[in-house]
1. Under the Karplus relation 6.51 cos²θ - 1.76 cosθ + 1.60, θ = phi - 60°, what is the ordered set of whole-Hz ³J(HN,Hα) values for region 61-78, x standing for Gly and Pro?
2. Count neighbours as other Cβ atoms within 10 Å of each site's Cβ, and list the trypsin sites (Lys or Arg not before Pro) in region 139-198 that are DSSP loop with at most 11 such neighbours.
3. Quote the relative contact order of the chain in percent (integer), defining contacts as alpha-carbon pairs under 8 Å separated by 6+ residues.
4. How do Thr249, Thr301 rank when sorted from fewest to most other Cβ atoms within 10 Å of their own Cβ?
5. Calculate, in nm to one decimal, what Ser148 and Leu38 gain on full extension: separation in residues at 0.36 nm each, minus their alpha carbon distance.
6. For a footprinting-style exposure proxy, rank Lys300, Lys68 by other Cβ within 10 Å, fewest first.
7. Which GluC sites (Glu not before Pro) from region 107-214 combine a DSSP loop assignment with at most 14 other Cβ atoms within 10 Å?
8. Quick one: what are the phi-derived ³J(HN,Hα) couplings along region 113-124, Karplus 6.51/-1.76/1.60 with θ = phi - 60°, whole Hz, x for glycine and proline?
Amino acid sequence: MLVIKTVDNKEIWEKFLLAQPYQPFFQSWNWGEVQEGLKNRVLRLGVYDPSTSSGLVGICQITEVRAKRGCYFHLRHGPLLVNFKKQFPLLIAEIIKIARAAKMDFIRMSPLLAEDFDIKFLQKRGFRNSPIHNMDAENAWILELNISEEELLKQMRKTTRYLIKKGERSGLEITPAKSTDDTKAFLKLYQRTAQKHGFVPHGGIGEEIEVFKKDGQAELFLARYKKRIISGALVIFYGNQAVYHHGATDPKYEHLSPSYFLQWEAIKEAKRRGKKIYNFWGVVPPSKPHHPWQGLTLFKTGFGGRGVNFIHAQDLPLSPWYWKTFLIESIIRMRKGY
């Protein structure tokens with residue numbers, strides 16, 4: 001018989017997570033630390049099967065979000081279960097019970113289930129597609145690192161190779177952030193990038209860098225031109241992959257195309273660390289050629305690699321107030337046009 005209980009041991013949690021086929025850093029212990037640092041309540045639940053040798057057969061890290069438009073439990077890239085269809089019903093029943101006690105309006109989850117997963121399995125349990133746009137990289141672009149640097153360069157788009165070499169010739173210097181001033185400079189650059197491209201900036205990036213950096217799991221790569229920071233990329237090194245999570249470039253220096261050289265240096269560092277995959281994070285599927293992220297997608301896919309697609313985020317309404325959130329997010333999505 002399956003048992004659900006809280007996991008309070010980081011070593012046990014991480015050992016299970018890092019043994020899974022997908023090892024999302026959103027379910028890592030450190031991501032929970034980031035959220036707690038932002039004053040968000042975090043729950044770490046384990047699914048135990050006493051009949052197995054290890055006992056632990058599933059985990060689910062939950063962040064409690066209290067926003068003006070609604071309160072909800074957020075299961076980003078979770079839960080992670082050895083046998084999803086067998087273990088999920090009991091787990092979600094327990095999560096619903098906890099969520100109702102905390103007066104949550106809904107549960108939102110984005111498990112890493114392949115896009116061809118039987119979605120009716122979730123619909124029968126009350127889940128529906130979230131009104132939000134593609135988030136948390138449900139359409140991801142990954143580059144496998146099991147070949148040499150020379151072979152990686154060969155499989156890139158010709159323009160991408162050219163712009164990497166252009167960055168080298170332009171006198172760009174790529175180095176990891178070495179001080180809090182470097183981090184602050186990147187965060188200012190990130191805010192300007194968000195304003196220019198019209199996206200809502202993520203909060204907590206500084207905390208993310210600090211927490212993951214302590215365990216050697218994060219690097220903020222910076223591109224300098226004449227000693228000025230003009231571009232940056234935050235890469236999370238977790239499990240078998242390196243994830244390009246956030247980036248920013250000074251519009252005044254876009255003609256130097258610093259992002260290409262910056263990404264190449266990050267990819268080489270991922271290889272040095274023995275990572276199997278460089279995850280470029282979210283891209284736009286080919287079915288949406290007019291999507292505002294099409295330019296970003298062109299940039300990422302130019303390095304070679306392949307797409308990996310997961311199911312869309314799912315919501316489970318728990319109160320009538322959910323529909324307020326549904327309406328607001330639907331309007332935002334329609335206004336953006338994607």
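1. Karplus values, whole Hz, x for Gly and Pro: 9, 10, 10, 8, 10, 10, 10, 4, 8, x, 10, 7, 8, 10, 10, 7, 6, x.
2. On the way: sites: Lys154, Arg157, Lys158, Arg161, Lys165, Lys166, Arg169, Lys178, Lys184, Lys188, Arg192, Lys196; in loops: Arg157, Lys178.
Within region 139-198, the qualifying trypsin sites (Lys or Arg not before Pro) (loop, at most 11 other Cβ atoms within 10 Å) are Lys178.
3. Numbers: 575 pairs, mean separation 78.4, N = 338.
23 percent.
4. On the way: Thr249 22, Thr301 19.
Lowest to highest Cβ neighbour count: Thr301, Thr249.
5. Details: separation 110, 0.36 × 110 = 39.60 nm, distance 4.03 nm.
Difference between extended and current length: 35.6 nm.
6. Numbers: Lys300 24, Lys68 8.
Lowest count first: Lys68, Lys300.
7. On the way: sites: Glu115, Glu138, Glu144, Glu149, Glu150, Glu151, Glu168, Glu173, Glu207, Glu208, Glu210; in loops: Glu115, Glu138.
Those satisfying the criteria are Glu115.
8. 9, 4, 4, 8, 4, 5, 5, 5, 4, 7, 4, 5
Readers should treat all values here as calculations from the given coordinates under stated rules, not as data from a laboratory. The shown structure was predicted, so the numbers you read here are calculated from the model rather than taken from an experiment. Counting neighbours? That spans all protein chains shown, and the Cβs are built from the backbone with ideal geometry, glycine included.
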